[in-house]
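What follows is a short report on a single structure.
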Amino acid sequence: MKNLNVYIYDLDDKPPLVLAILYGVQWALFLFPAIPMVTALCAEAFKMDAVARVAFVQLTFLVAGSFTLIQSLWGHRYPLLEGPATAHLLTVLSLAPQGIGNIQAGMILGSIVMFSLGLLGNISFFSRIFTRNIVVVILMLIAFSITPHLTASLVGYGSPQNKAPQWLFFAFSSAVVIFTAFCSYHLKGIWKTLSLLIGVIAGTLFYPLIGSLDFTIWKQASWISIPTLWTPIAPKFSLISSVSFAIAYLAVLVNALGSLAGIASITDNKRLNSSLKRSLTINGLSGIVCGLLGIVGLVSYSMSPGVVTAQRVASRYTLAVCGVVTIMISLVPKIAATFAFVPSAVVSAVLCVAMGSQVGAALQMVTSSTLTQRDGTVIGLSVLLGLIVSILPPGLTASAHPVAQLFLKNGLISGIFLSLILEHGLLRDKSKVEK
């Protein structure tokens, strides 16, 4: 095997069962910060009741665990954790006013495209499309476009448990942001990768200082049950949702390429090409399942290589165990309810830290090589337009033509679309070929 001097267990090694379970549980912990974030934002967008929130969490754990298991054993066959994608979350939130049926249909269509791309196995075209400038725009816009969805929670607007003035509520949220960022920077090893979860726990424990925790969800939840649908399966195809998810999947594709390339570079590069085809195919299948169930689509988490390096275990079988553990968690509504009652202010504050790190990664990518005036124009204009679109008044977008609404309701889509036009059209640099 490769990397025997680096890893305790290499890519295809099978650790003893007890150790495999411990490593699997540890991997499952890294999924925990994402679940309350996705749940809180979607619950507000769709006005979910307690039962729906618990079902949403259970289904998310079930699908994430199932496809982590499938990907690690038969898909890309790398130690990569599958979890809710921010690009999908942003698209779901922007389309929420149109109803869950439109979201289901759009995600299914976008997933079919991804599935077909994996079957064809030809991504050379997309490799040329996703230049450094385009990737930087996508990374920045995912962070900036989701900001308006976080603002109301950060100031306690609309929270029935809020008993503090908005300025004090915002001060509390800012303190959670600073504490989480402090942990992310100063903690070492495995604790560093758990900094977001630490922020969620600490923020929830101190939340009673400004509000009250509602334990009704937890008390009403049973201990064992099969996950049920939180919304009927009723796709409603529309142009806006279909195009929105097609473009969102461009961002997911960039994430998938980056995650696979990152983990392959520290484990085994030889299987990358074949793994990529299988990974995209299975990712397409997972999107179809998520679309039918009405939950946020999945992506391979790019933090996985850092976790592998920190714990010195590269075995993909530990991810298979993680998948089994996560599936078992989905069968315990009490655990799901624990994630469901985390205050949205705490979730939004911790998500700010994650998005800040993403912006930092984009800036690092920009400064890694010479930035020309043309590059600055492509990136700057695209990000600026996306940010402007994300804060447009709702009344303006409501009166627009349906085709125009596609670009006026989603800053990520508008920004990516402009960046493609500038990078490969109006400002195309024929003398320069970027990989």
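The values are calculated or read from the model by the stated rules, or taken from the named source; none is laboratory data. None of the values given here were measured: they were computed from a predicted structure. Here Cβ is always computed from backbone atoms with ideal geometry, including for glycine, and neighbour counts include all displayed protein chains. Note: accessible area is taken over every heavy atom of the protein model, side chains too, but ligands, DNA and RNA are not part of it. Shrake-Rupley method; radii C 1.70, N 1.55, O 1.52, S 1.80 Å.
Consider the candidate values [x] 111, 55, 51; [y] 63, 60, 45; [z] 68, 59, 43; state which one is Cα extents along the principal axes in Å computed from the structure displayed. Entry [y].
Computed over protein heavy atoms with a 1.4 Å probe, the carbon and sulfur contribution to the accessible area of the chain reaches 70%.
Candidates Gly99, Leu81, Leu139 compared by Cα position along the dipole of the stretch 43-139: farthest toward the positive end lies Leu139, with charges placed on Cβ. Modelled spin labels at Asn273 and Thr377, positioned 7 Å past Cα toward Cβ, are 3.8 nm from each other. When the Gaussian network model of the chain links Cα atoms closer than 10 Å, the mean-square fluctuations of His88, His76, His424 top out at His424. Here the spin labels are modelled as points 7 Å beyond Cα on the Cα-Cβ line, and at Leu229 and Phe182 they lie 4.7 nm apart.
Based on protein heavy atoms only, the chain ends up with 43 Å² per residue of surface accessible to a 1.4 Å probe.
Using the Cβ-Cβ distance between Leu168 and Ser222 with R0 = 41 Å, the FRET efficiency computed as 1/(1 + (r/R0)^6) comes to roughly 0.65.
Between Leu239 and Ser265, the modelled labels are 4.2 nm apart [label points 7 Å from Cα along Cα→Cβ].
Cα gyration tensor of the stretch 254-321, axes a ≥ b ≥ c as square roots of the eigenvalues: rounded (a/c below 1.5), prolate (a/b > b/c) or oblate? Verdict is prolate for the stretch 254-321. From the alpha carbon centroid of the stretch 11-63 to that of the stretch 169-183 is 24 Å. Taking a ≥ b ≥ c as the square roots of the Cα gyration tensor eigenvalues, the stretch 13-106 comes out prolate, since a/c reaches at least 1.5 and a/b is larger than b/c.
Helical content of the chain, expressed as a calculated mean residue ellipticity at 222 nm, amounts to -22000 deg cm²/dmol (DSSP H runs of 4 or more residues, -39,500 (n - 2.57) each, divided by residue number, nearest 500). Applying 1/(1 + (r/R0)^6) with R0 = 45 Å to the Cβ-Cβ distance of Tyr157 and Ser369 gives a FRET efficiency near 0.60.
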